[in-house]
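The block underneath contains the structure these notes are about, expressed in C-alpha coordinates.
The values are calculated or read from the model by the stated rules, or taken from the named source; none is laboratory data. Note that the structure is predicted; figures quoted are calculated from it, not measured. When we count neighbours, we look across all protein chains shown, and the Cβ atoms used for this are built from the backbone with ideal geometry, even at glycine. Surface accessibility is based on the protein's heavy atoms, side chains included, excluding ligands, DNA and RNA. Shrake-Rupley method; radii C 1.70, N 1.55, O 1.52, S 1.80 Å.
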Amino acid sequence: NRLLPDQLADYLARWPGEAAVVGAFVELLGDDQDPFLRERLAGHFTSGAWLVSADGLRILMTHHRKLGRWLQLGGHADGERDMAQVALKEAQEESGLHGLTVDGDAIFDLDRHWIPERKEVPGHWHYDVRYVIRAGTDEQFVVSEESLELAWRPISELVDDADESMARMAMKWLQGR
(Lines give C-alpha, C1' and ligand atoms only; values in the text may rest on other atoms or scores of the structure.)
Protein backbone atom coordinates (compact mmCIF):
# COMPACT_ATOMS: atom_id res chain seq x y z
CA ASN A 1 0.00 0.00 0.00
CA ARG A 2 1.22 3.45 -0.86
CA LEU A 3 1.72 5.93 1.94
CA LEU A 4 -0.63 8.85 2.47
CA PRO A 5 1.80 11.51 1.10
CA ASP A 6 2.00 9.58 -2.20
CA GLN A 7 -1.77 9.14 -2.29
CA LEU A 8 -2.26 12.89 -1.70
CA ALA A 9 0.15 13.71 -4.54
CA ASP A 10 -1.75 11.35 -6.84
CA TYR A 11 -5.08 12.90 -5.77
CA LEU A 12 -3.76 16.40 -6.53
CA ALA A 13 -2.68 15.26 -10.00
CA ARG A 14 -6.21 13.92 -10.65
CA TRP A 15 -8.05 16.86 -9.03
CA PRO A 16 -5.87 20.00 -9.47
CA GLY A 17 -8.88 22.20 -8.69
CA GLU A 18 -8.76 20.87 -5.11
CA ALA A 19 -5.20 22.09 -4.46
CA ALA A 20 -6.20 24.15 -1.39
CA VAL A 21 -7.85 21.15 0.26
CA VAL A 22 -4.89 18.88 -0.54
CA GLY A 23 -2.56 21.54 0.87
CA ALA A 24 -4.45 21.56 4.17
CA PHE A 25 -4.13 17.75 4.41
CA VAL A 26 -0.41 17.86 3.58
CA GLU A 27 0.09 20.57 6.20
CA LEU A 28 -1.71 18.48 8.84
CA LEU A 29 0.36 15.43 7.89
CA GLY A 30 3.55 17.41 8.66
CA ASP A 31 2.37 18.58 12.08
CA ASP A 32 4.48 17.69 15.12
CA GLN A 33 1.43 16.60 17.11
CA ASP A 34 0.17 13.21 15.83
CA PRO A 35 -2.74 14.00 13.46
CA PHE A 36 -3.86 10.35 13.43
CA LEU A 37 -5.12 10.60 17.04
CA ARG A 38 -8.59 11.94 17.86
CA GLU A 39 -7.16 13.59 20.98
CA ARG A 40 -5.50 16.18 18.69
CA LEU A 41 -8.37 18.65 18.93
CA ALA A 42 -6.85 21.19 16.55
CA GLY A 43 -7.90 18.66 13.87
CA HIS A 44 -7.25 15.03 13.03
CA PHE A 45 -7.56 12.47 10.28
CA THR A 46 -10.69 10.40 9.78
CA SER A 47 -11.47 8.01 6.96
CA GLY A 48 -14.67 7.74 4.96
CA ALA A 49 -16.05 4.74 3.09
CA TRP A 50 -17.90 5.34 -0.19
CA LEU A 51 -19.45 1.87 0.22
CA VAL A 52 -20.69 0.94 -3.23
CA SER A 53 -22.98 -1.95 -4.10
CA ALA A 54 -21.59 -4.73 -6.30
CA ASP A 55 -23.40 -3.24 -9.32
CA GLY A 56 -21.90 0.21 -8.63
CA LEU A 57 -25.31 1.94 -8.64
CA ARG A 58 -25.94 2.49 -4.92
CA ILE A 59 -24.05 3.43 -1.77
CA LEU A 60 -24.76 2.43 1.79
CA MET A 61 -25.44 5.48 3.94
CA THR A 62 -25.80 5.91 7.67
CA HIS A 63 -28.25 8.13 9.49
CA HIS A 64 -25.49 9.18 11.87
CA ARG A 65 -26.57 9.02 15.52
CA LYS A 66 -24.36 11.88 16.80
CA LEU A 67 -24.70 14.22 13.82
CA GLY A 68 -28.32 13.40 12.91
CA ARG A 69 -27.56 13.45 9.17
CA TRP A 70 -27.35 10.92 6.32
CA LEU A 71 -23.67 10.40 5.50
CA GLN A 72 -21.19 7.87 4.18
CA LEU A 73 -19.74 5.41 6.69
CA GLY A 74 -16.39 6.09 8.33
CA GLY A 75 -14.56 7.04 11.47
CA HIS A 76 -11.39 7.96 13.33
CA ALA A 77 -7.90 6.71 12.48
CA ASP A 78 -7.09 6.17 16.17
CA GLY A 79 -3.37 5.93 15.45
CA GLU A 80 -3.64 3.81 12.27
CA ARG A 81 -1.78 5.41 9.35
CA ASP A 82 -3.18 3.23 6.54
CA MET A 83 -6.29 5.26 5.87
CA ALA A 84 -7.70 2.80 3.30
CA GLN A 85 -7.64 0.11 6.00
CA VAL A 86 -9.37 2.50 8.41
CA ALA A 87 -12.14 3.02 5.82
CA LEU A 88 -12.49 -0.74 5.34
CA LYS A 89 -12.57 -1.45 9.09
CA GLU A 90 -15.14 1.28 9.73
CA ALA A 91 -17.32 0.06 6.84
CA GLN A 92 -17.25 -3.48 8.22
CA GLU A 93 -17.98 -2.38 11.80
CA GLU A 94 -20.76 0.04 10.88
CA SER A 95 -22.51 -2.15 8.29
CA GLY A 96 -21.97 -5.70 9.51
CA LEU A 97 -21.37 -6.64 5.86
CA HIS A 98 -18.94 -9.41 4.92
CA GLY A 99 -16.82 -9.59 1.79
CA LEU A 100 -16.02 -5.87 1.59
CA THR A 101 -12.90 -4.83 -0.31
CA VAL A 102 -10.97 -1.60 -0.85
CA ASP A 103 -11.24 -0.61 -4.52
CA GLY A 104 -7.57 0.17 -5.23
CA ASP A 105 -5.51 2.41 -2.95
CA ALA A 106 -6.31 5.77 -4.53
CA ILE A 107 -8.09 8.41 -2.48
CA PHE A 108 -11.61 8.92 -3.82
CA ASP A 109 -12.33 12.24 -2.11
CA LEU A 110 -11.00 14.61 0.54
CA ASP A 111 -13.16 16.72 2.81
CA ARG A 112 -12.29 18.97 5.74
CA HIS A 113 -15.35 19.67 7.87
CA TRP A 114 -16.19 21.09 11.27
CA ILE A 115 -17.57 18.82 13.99
CA PRO A 116 -19.61 20.82 16.51
CA GLU A 117 -19.00 20.65 20.25
CA ARG A 118 -20.66 17.67 21.88
CA LYS A 119 -20.73 17.11 25.64
CA GLU A 120 -17.11 17.07 26.85
CA VAL A 121 -15.54 17.20 23.36
CA PRO A 122 -14.94 20.70 21.98
CA GLY A 123 -15.65 21.51 18.33
CA HIS A 124 -12.84 20.43 16.00
CA TRP A 125 -11.89 19.74 12.38
CA HIS A 126 -12.11 16.35 10.70
CA TYR A 127 -9.78 15.80 7.76
CA ASP A 128 -11.67 13.00 6.05
CA VAL A 129 -9.73 10.80 3.60
CA ARG A 130 -12.30 8.84 1.60
CA TYR A 131 -11.91 5.56 -0.29
CA VAL A 132 -14.17 3.43 -2.44
CA ILE A 133 -15.17 0.25 -0.62
CA ARG A 134 -16.92 -2.44 -2.67
CA ALA A 135 -19.65 -4.64 -1.32
CA GLY A 136 -19.82 -8.27 -2.32
CA THR A 137 -23.04 -10.12 -3.05
CA ASP A 138 -24.25 -9.88 0.57
CA GLU A 139 -26.12 -6.59 1.07
CA GLN A 140 -27.88 -7.51 4.32
CA PHE A 141 -26.50 -4.88 6.67
CA VAL A 142 -26.75 -4.70 10.45
CA VAL A 143 -27.30 -1.30 12.08
CA SER A 144 -24.60 -0.55 14.67
CA GLU A 145 -24.95 1.69 17.72
CA GLU A 146 -23.31 4.53 15.74
CA SER A 147 -26.29 4.72 13.39
CA LEU A 148 -29.97 5.44 13.76
CA GLU A 149 -30.52 3.67 10.46
CA LEU A 150 -28.70 2.44 7.33
CA ALA A 151 -30.01 2.49 3.76
CA TRP A 152 -28.85 1.72 0.24
CA ARG A 153 -29.35 4.88 -1.82
CA PRO A 154 -29.07 5.31 -5.60
CA ILE A 155 -25.93 7.34 -6.32
CA SER A 156 -27.74 9.22 -9.10
CA GLU A 157 -30.08 10.74 -6.47
CA LEU A 158 -27.17 12.14 -4.46
CA VAL A 159 -26.03 14.54 -7.19
CA ASP A 160 -28.55 17.06 -5.82
CA ASP A 161 -27.92 16.24 -2.15
CA ALA A 162 -28.01 19.23 0.20
CA ASP A 163 -24.65 18.09 1.63
CA GLU A 164 -22.10 19.53 -0.81
CA SER A 165 -19.57 16.77 -0.19
CA MET A 166 -22.13 14.01 -0.84
CA ALA A 167 -23.13 15.69 -4.10
CA ARG A 168 -19.45 16.07 -5.08
CA MET A 169 -18.73 12.39 -4.43
CA ALA A 170 -21.81 11.33 -6.41
CA MET A 171 -20.64 13.46 -9.36
CA LYS A 172 -17.12 12.02 -9.16
CA TRP A 173 -18.51 8.49 -9.12
CA LEU A 174 -20.91 9.06 -12.00
CA GLN A 175 -18.18 10.75 -14.06
CA GLY A 176 -15.95 7.71 -13.62
CA ARG A 177 -13.75 9.23 -10.92
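Summary table
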{"quantity": "Charge sum, other residues only, whose C-beta stays under 9 Å from Y11's C-beta, Lys/Arg counted +1 and Asp/Glu -1", "calculated": "-2"}
{"quantity": "Residue-normalised accessible area of the chain, expressed per residue, 1.4 Å probe, Å²", "calculated": "49 Å²"}
{"quantity": "Theoretical ellipticity at 222 nm over the chain - DSSP helices of four or more residues, -39500 (n - 2.57) apiece, nearest 500", "calculated": "-8000 deg cm²/dmol"}
{"quantity": "Amide H within-cut-off set for T46, under 5 Å, with H built and near neighbours excluded", "calculated": "Y127, D128, V129"}
{"quantity": "Beta bridge orientation in the chain: antiparallel %, DSSP, nearest 5", "calculated": "75 percent"}
{"quantity": "The chain: radius of gyration over Cα atoms, expressed as a fraction of 2.2 N^0.38 Å", "calculated": "0.97"}
{"quantity": "Portion, in percent, of the accessible area of region 37-83 that falls on carbon or sulfur, probe 1.4 Å", "calculated": "52 percent"}
{"quantity": "Charged-residue dipole, Cβ positions (Lys, Arg, Asp, Glu), the chain about Cα centre, Debye nearest 20", "calculated": "240 debye"}
